[in-house]
Amino acid sequence: MNKEGHVINGLLLGIGLGFVLRPGGDVETLRTVVAVTVPVVLGALFPDVDTVFGTHRKTLHNLLTLGVFVAFPIAFGNLRYVWIGVLTHYVLDVVGSKRGIALFYPLSGEYGLPTGVATSSRFANAVTLAVTAVELAVAAVLVEHAPDLLAVIGATPG
């Protein structure tokens with residue numbers, strides 16, 4: 001996906017997660033939306049920093065990079081939602097883009113699914129919205145059925 005798609009995905013995912021985590025629709029919901037949306041959007045944009053150095057869709061589009069961001073809130077207690085943005089960036093590039101990403105870089109090449117479209121396609125935003133809807137559905141199921149797991153990785157409000 002392109003930068004616009006990652007921003008749309010991060011914004012919608014952050015807002016949706018805010019309501020999934022605090023469904024009351026009150027001031028606490030708004031605070032949660034902001035607390036989740038900003039780091040998710042930043043995380044959704046981070047992997048594309050490899051366009052400045054390294055090799056795009058390889059250097060920062062791999063499981064090692066994701067592992068660092070997942071470990072950060074566990075080890076240091078901050079950046080608790082940035083990893084979600086990084087993960088959703090990967091999902092969008094694997095599912096929504098023809099090219100895919102190098103998840104196991106530098107050990108192997110790029111992987112993608114046949115569901116993707118070109119980043120310049122007129123369907124790119126529709127694919128982004130569909131992927132975001134599935135991500136939010138998965139998040140809602142995890143919040144409902146696996147809250148202990150989410151607490152370990154710092155993905156619950158608190």
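The values are calculated or read from the model by the stated rules, or taken from the named source; none is laboratory data. Just so it is clear, the model here is predicted, and its values are computed rather than measured. Heads up, the Cβs are rebuilt from the backbone with ideal geometry, glycines too, and the neighbour counts pull from every protein chain shown.
For the reader, a short list of remarks on this structure follows.
- Of the residues making up segment 1-39, just one is of a type in the set (Lys, Arg) and not in a helix (DSSP H, G or I), namely Arg22.
- Any hit, segment 40-51, residues being of a type in the set (D, E, K, R) and not in a helix (DSSP H, G or I): no
- Within segment 3-45, if we keep just the residues that are among the hydrophobic types (A, V, I, L, M, F, W, C) and free of Cβ contacts under 8 Å to residues at least 24 places away in the same chain, the residue that is nearest to Ala124 (Cα to Cα) turns out to be Ile15.
- One residue from Leu60, Leu17, Leu64, Leu30 being closer than 15 Å to Trp83 by Cα and surrounded by fewer than 16 Cβ atoms within 10 Å (Cβ to Cβ): Leu64
Table: residues versus (1) closer than 25 Å to Val141 by Cα; (2) modelled with pLDDT of 95 or more; (3) in contact with a Cys (Cβ under 7 Å, 6 or more places away or on another chain).
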residue	(1), (2), (3)
Asn9	yes, yes, no
Val70	yes, no, no
Ile84	yes, no, no
Lys98	no, no, no
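- Filtering segment 87-99 to residues that are in contact with a Phe, Trp or Tyr (Cβ under 8 Å, 6 or more places away or on another chain) and surrounded by 24 or more Cβ atoms within 10 Å (Cβ to Cβ) leaves only His89.
- In segment 116-128, the residues that are crowded, with 16+ Cβ neighbours inside 10 Å form Cβ pairs under 8 Å with partners that are among the aliphatic types (A, V, I, L, M) and part of a loop (DSSP other than H, G, I, E, B), at six or more places apart or across chains, as follows: Thr119/Met1; Ala124/Met1; Ala124/Ala118; Val127/Met1; Thr128/Met1.
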